[in-house]
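Only the coordinates and a few stated rules stand behind these numbers; no lab work does. Predicted model, so just to flag it, every value in this text is computed and none were measured. Heads up, the Cβs are rebuilt from the backbone with ideal geometry, glycines too, and the neighbour counts pull from every protein chain shown.
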Amino acid sequence: MIINPKILYFGTPVVLLSTENDDASANLAPMSSAWALGQTVVLGLGPEGHTANNLRKRPELVINLPDPRLWPAVEAIADLTGSDPVPEHKRPAYRHERDKFGAAGLTAVESLRVRPPRVAECPLQLEARVEHMALDASGEFVIVQVGVVTVHADPGIVGPAPTTLTHSNGVR
C-alpha cells in the first residue's frame, strides 16, 4: 500500500527543553523531534515557537529526558506557551504560562555550564549550546544542531564501565 501522509513522523521519546526567556526566567517546553549522533543532538522545532525564538537570542539549553513516571508533568505543560501574548495560530489550543516548572510540578536546578536550569526529576539532563540553526528545506521547521557540553545522569541508569577487550593474540 502506498500512502501520502501529511507528515512523516515516527515518534521519538519526549524531551523537555529548558531555555532562557528575555527576562532571564526559564522556559520549559516538551518536544518529540530529537535525535543524537555522537555529542550532537538534532532538534526539530516550529520556527515561530517560543523555544526557537529563545534559542536564536540565547543559544543555550538543557535537554531533559523524563522517565515514564513524569508523563503527567509533561502533559501538564503540553498546551502551555511562554509567549505573551499567545500567538494567533496557537490561541485556540494554548494558553500563556510564565512558570512552566511550577505548572508541571517540577524542580528547576542550576546547570553547571549553561544558563537555563535542569529539571531535577529527569534522570538524564544534557546541557548544550546551539552550533547551527536553520530552516529545513520545506521552510516549515527549524533544524537546530546542539553540542552537548555536560551530561548529568542518575546513577541508577548508568551501567558499569566497559572493560577493555583483549583479543586472543594479546592485542587490545
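Selection over segment 17-34 of residues that are in a strand (DSSP E or B) and either surrounded by fewer than 17 Cβ atoms within 10 Å (Cβ to Cβ) or not charged (D, E, K, R) (or both) gives a count of 10.
When the criteria are applied in full, ALA78 meets the requirement of being touching a strand residue (DSSP E or B) at 6+ places or on another chain (Cβ under 8 Å), under 19 Å from GLU20 (Cα atoms), in a loop (DSSP other than H, G, I, E, B) and of a type in the set (Gly, Ala, Ser). Looking at ASP84, ASP22, ASP67, just one residue is in contact (Cβ under 8 Å) with a residue 24 or more places away in the chain and over 17 Å from the mean Cα position of the chain (by Cα), and that residue is ASP22.
Given the residues ALA128, ALA78, which is the only one that is closer than 16 Å to VAL15 by Cβ, touching a Leu at 6+ places or on another chain (Cβ under 8 Å) and of a type in the set (A, V, I, L, M, F, W, C)? Let's see the steps before the verdict.
Working: ALA78 fails: touching a Leu at 6+ places or on another chain (Cβ under 8 Å).
Residue meeting the stated conditions: ALA128.
Within segment 129-149, identify whether any single residue is loosely packed, with under 15 Cβ neighbours inside 10 Å and under 14 Å from LEU16 (Cβ atoms), and answer yes or no. No, every residue in segment 129-149 fails to be loosely packed, with under 15 Cβ neighbours inside 10 Å and under 14 Å from LEU16 (Cβ atoms). ARG95 satisfies every condition listed in (1) within 22 Å of VAL149 (Cβ to Cβ); (2) surrounded by fewer than 20 Cβ atoms within 10 Å (Cβ to Cβ) except (1). Entry remark, segment 35-58: residues being assigned to a loop (DSSP other than H, G, I, E, B) and either more than 14 Å from ALA78 (Cα to Cα) or touching an Asp or Glu at 6+ places or on another chain (Cβ under 7 Å) (or both) number 6 in total.
For THR40, the conditions (1) β-branched (Val, Ile, Thr); (2) in contact (Cβ under 8 Å) with a residue 60 or more places away in the chain; (3) within 28 Å of ARG91 (Cβ to Cβ) all hold with the exception of (3). The single condition among (1) under 28 Å from ILE157 (Cα atoms); (2) touching a helix residue (DSSP H, G or I) at 6+ places or on another chain (Cβ under 7 Å) that THR81 does not satisfy is (1).
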